[in-house]
Every structure is written in structure tokens, then in C-alpha cells.
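Undergrad: Sharing a structure below in C-alpha cells format, with a few things to ask.
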Amino acid sequence: MQNSRLPNQEIADILVSHQSMPGNLLPILHAIQDSIGYIPQDSVPEIARALNQSVAEIHGVISFYHYFRQTPPGKNTIRLCRAESCQAMNGKSLEKYAQKQLKIDWHETTSDGEFSLEPFYCLGNCACSPALSVNKDVYGRVTPERFDEIVASYRGVVE
């Protein structure tokens, strides 16, 4: 995710490489987030200028899609599934438990920078609901006790 180039130069390179692509806004936003981990607020005017759009239009797209972050993520990202199957299997209580244990809400990062918490709409693990992922690892049948075990196993681990 992180690279050795400066974020502003990386963003400029992404804008140039996607400039002639039709429907380029979402690919640009994905490329920026994939490259530096989030979409810096100060890059929004630059993106707007490059695409001849308003800052409000760019911000509207970023804020509409839950996937996009505007702050640096934690070392590990926990995504809790919020789809119907997981909700039917006590997913809502798992969400509240996770938020209480981590002392954060959706789209926030723990004070130690270890974990970010993101909602996700279907991890494709419906037979094992409720499900969550940490970075690229998916877990099913997650109880509060199992949540604690999973989080403990990632403490200090950088993806």
C-alpha cells in the first residue's frame, strides 16, 4: 500500500496516467487509495482541477462510497460485514461490541494507530455469519470472544 514516493507526486502521476480514461474519477480515487492508503483532503482540489469538476463533486463521490477514506488508516483494517445474513446472525450486536472494545466508531482509527474499523456490505462468507475481515483475512462465525482473539492476534502486526 505505502510506497517511497511523496504522496503529492504519486497523486500527480495517477492523475496524468488516468487523464484520458473515460469515467476516470472512480479509477483515480481507487488508485490513490491503493497507493497511499487514503485520499488526502488536500488532494481533492487537485483532482477537481485535473478533471474540470468542482471540489463539491469530487467530495460528493468520496463521501458517498464507504470504501474511500480521507484519513490515514490504522496498521490493520477490520471490516465488519453488515449484509443481511450477518445482520440476521447477531451482526448488529457484534458491531456494537467491536466499537466498544476498540473505543472507535465506523471510519475511525484507534488512538494507538493499530486498527481502523470499516463497515462492509458482504464479505461472501454468508454461510458462516457473522463475518469480518482483518486486512485480507476473512473470519466467520465471529462471537465477541472470537473477536477479541482475532484482534489480539493482529496487535503489533503490520500488513
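Undergrad: Give the angle, between 0 and 90 degrees and rounded to the nearest 10, that separates the Cα long axis of helix 55-64 from the longest principal axis of the Cα atoms of the chain.
TA: Approximately 20 degrees, to the nearest 10.
Undergrad: What does the charge add up to near Asp42, with Lys and Arg as +1, Asp and Glu as -1, over the other residues with Cβ less than 15 Å from its Cβ?
TA: 0
Undergrad: Now for a different question. Can you give the Rg and Dmax of the chain based on its C-alpha atoms, in angstrom?
TA: Rg and Dmax of the chain, Cα atoms, are 17.2, 50 Å.
Undergrad: Further question on the same structure: On a full-extension model of 0.36 nm per residue, what is the gain between Cys122 and Tyr67, subtracting their alpha-carbon distance, rounded to one decimal in nm?
TA: Contour length minus Cα-Cα distance gives 18.5 nm.
Undergrad: I want the local charge near Glu149. Using Cβ-Cβ distances under 15 Å, sum +1 for each Lys or Arg and -1 for each Asp or Glu among the other residues. List each step's numbers first, then the result.
TA: On the way: positive: Arg141, Arg146, Arg155; negative: Asp137, Glu145, Asp148.
Summing Lys and Arg as +1 and Asp and Glu as -1 gives 0.
Undergrad: Taking the Cβ of Leu15 as the center, what net charge do the other residues with Cβ under 11 Å away carry, scoring Lys and Arg +1 and Asp and Glu -1?
TA: Charge balance near Leu15 sits at -2.
Undergrad: Still on this structure: Kirkwood hydrodynamic radius (Cα pairs, Å) of region 76-154?
TA: Every distinct Cα pair counted, the radius reaches 12.1 Å.
Undergrad: Under a straight-distance cross-link criterion of Cα-Cα below 19 Å, which lysines are reachable from Lys92, leaving out those fewer than 8 residues away in the same chain?
TA: Lys100, Lys103
Undergrad: Could I ask something else about it? Quick one: angle between helix 25-36 and the longest Cα principal axis of the chain, in degrees between 0 and 90, rounded to 10, please.
TA: 70 degrees
Undergrad: Identify the trypsin sites (Lys or Arg not before Pro) of region 64-159 meeting these criteria: DSSP loop state and at most 16 other C-beta atoms within 10 Å of the C-beta. Please list the in-between numbers first.
TA: Values: sites: Arg69, Lys75, Arg79, Arg82, Lys92, Lys96, Lys100, Lys103, Lys136, Arg141, Arg146, Arg155; in loops: Arg69, Lys75, Arg82, Lys103, Lys136, Arg141, Arg155.
Here the sparse-neighbourhood loop sites are Lys103, Lys136, Arg141, Arg155.
Undergrad: May I pose another question? Unpartnered cysteines of the chain (Cβ-Cβ under 4.7 Å counts as a partner)?
TA: Cys122, Cys126, Cys128
Throughout, read-outs are computed from the coordinates displayed, never taken from laboratory work. Remember, it's a predicted structure, so these values are computed and weren't measured experimentally. Note that each Cβ is placed from the backbone with ideal geometry, even for glycine, and that neighbours are counted across all protein chains shown.
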